[in-house]
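The values are calculated or read from the model by the stated rules, or taken from the named source; none is laboratory data. From a predicted model like this one, the values you see are computed outputs, not experimental measurements. Cβ sites come from the backbone with ideal geometry, for glycine too, and all protein chains shown count toward neighbours.
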Amino acid sequence: MIPQSPPVKTKQRWQQALASAVSDADELLAQLGLSQALTAIDKDKIRQFPLRVPQSYINKMRYGDKHDPLLRQVFPLIDESVEVEGYLQDPVGDHLAVTSPGMLQKYQGRALLVTTGACAVHCRYCFRRHFPYADSNPLASQWQQTIEQIKHDQSINEVILSGGDPLSLSDDKLSRLVEDLSAIPHLKRLRIHSRLPVVLPERIDERLLAWLERCPLKVMMVIHANHANEIDNEAEQALSSLQKAGCQLLNQAVLLKGVNDTAAALVALSERLSEVDVMPYYLHLLDKVAGAQHFDVPELEAMELIAAIRTQLPGYLVPRLVREIQGEASKTVIG
Ligand SMILES: *Cc1c(COP(=O)(O)O)cnc(C)c1O
Ligand code: SF4
């Protein structure tokens, strides 16, 4: 396990890439030749969730295209300030599901750990954009309490590392947490939900891979790609090395207006996932979070899209269209 080596003092390459992510709307637009083509929301209005996008993700955007599906996911449009009824701060009831510091339990057998509030990219549609990460991101001592609770609850057989993005934690923090989890006999699986293989492929480096290879738990990784253009060669290599290290890979996407709300875009995404050996898992309907209303695709239209792609793809490449309904015992399958 990694903790045997002393903590790395100098930043790793991925940490440097993370630290130099672009956070200025004008700079992003200038890089894409789009100065003045789009108007960003006032910085003060999004102080809690500012623009944030790694350079390698910007490199995948089309120059001069203000409708680029990757740009749309990260650019804070003034549309975010429009208040629409029914769009809430916490649309999926995360606050109510906290059962121990940093732990959410909604479904039988699975416990989700909010390991960090940090993400490499700020997706404008994110349902956690108002989540008080600082409050639910426990101190090291409080993790012990949560680990104890998992130890005493034999019904939990899978721990999900979520966040924020769990891979934005340092290798040392990750391995310390997972070392404790690995010692719990009734845990069958570790699941990691991360967008980093796609938005910051530099993260999948030798150290992380060596650690994953040695991890005694079975590791499922649910990546998060919404569009085929997100999976370039660099991301493909990262995914391939994760598989070689023993991770089973699934993809979840969110259905987003102006990003992937056509049958062609969804088919292209599934085909691209198939090329890189990642199985489509979920296609989520947008959680109605305040500030993201301009991404909403109505349920009926979503069902029509799924019906359309089902006629064009093998069944195993059709993701399950789901919505999270607060209080339900599982995600609700719509189509
Ligand atoms: C979505 C979610 C899960 C995972 O659900 P699956 O259907 O197994 O992917 C687990 N816990 C929480 C709190 C969730 O929101
Ligand atoms: S990476 Fe995931 S958790 Fe982070 S902002 Fe994007 S959707 Fe939200």
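Is segment 108-123 home to any residue that is among the small types (G, A, S), in contact with a strand residue (DSSP E or B) (Cβ under 8 Å, 6 or more places away or on another chain) and modelled with pLDDT of 95 or more? The answer is yes; a qualifying residue exists. How about segment 191-203: which of its residues are under 17 Å from G163 (Cβ atoms) and either away from ligand 1 (no atom under 16 Å from the Cβ) or in a strand (DSSP E or B) (or both)? R191, I192, H193, S194, L196, P197, V198, V199, L200, R203, listed by residue number. Pairing residues of segment 310-335 that are touching a residue at least 12 places away in the same chain (Cβ under 8 Å) with residues that are in a loop (DSSP other than H, G, I, E, B) and of a type in the set (K, R), at Cβ distances under 6 Å and at least 6 apart in sequence or on separate chains, gives V322/K331; E324/K331. The residue that is surrounded by the fewest Cβ atoms within 10 Å (Cβ to Cβ), counting only those in segment 204-217 that are not in a helix (DSSP H, G or I) and not β-branched (V, I, T), is P216.
When we screen L167, L212, L187, L208 for residues that are among the hydrophobic types (A, V, I, L, M, F, W, C), within 16 Å of ligand 1 (Cβ to nearest atom), touching a helix residue (DSSP H, G or I) at 6+ places or on another chain (Cβ under 9 Å) and without any contact (Cβ under 8 Å) to a residue 60 or more places away in the chain, the only hit is L187. Being of a type in the set (D, E), touching a Leu at 6+ places or on another chain (Cβ under 9 Å) and without any contact (Cβ under 8 Å) to a residue 60 or more places away in the chain holds for only one residue in D42, D94, and it is D94.
Name the residue that is surrounded by the fewest Cβ atoms within 10 Å (Cβ to Cβ), counting only residues in segment 95-113 that are among the polar types (S, T, N, Q) and part of a loop (DSSP other than H, G, I, E, B). Within segment 95-113, the match that is surrounded by the fewest Cβ atoms within 10 Å (Cβ to Cβ) is Q108.
Filtering segment 66-105 to residues that are among the hydroxyl-bearing types (S, T, Y) and within 16 Å of ligand 1 (Cβ to nearest atom) leaves T99, S100. Checking each residue in segment 127-160 for being under 30 Å from E80 (Cβ atoms) and either modelled with pLDDT under 95 or assigned to a helix (DSSP H, G or I) (or both) picks out F127, R128, R129, H130, F131, P132, Y133, A134, D135, S136, N137, P138. The number of residues in segment 67-98 that are at pLDDT 90 or above and either within 22 Å of E148 (Cα to Cα) or aromatic (F, W, Y) (or both) comes to 2.
Of the residues making up segment 218-249, those that are within 16 Å of ligand 1 (Cβ to nearest atom) and surrounded by fewer than 17 Cβ atoms within 10 Å (Cβ to Cβ) are K218, Q248.
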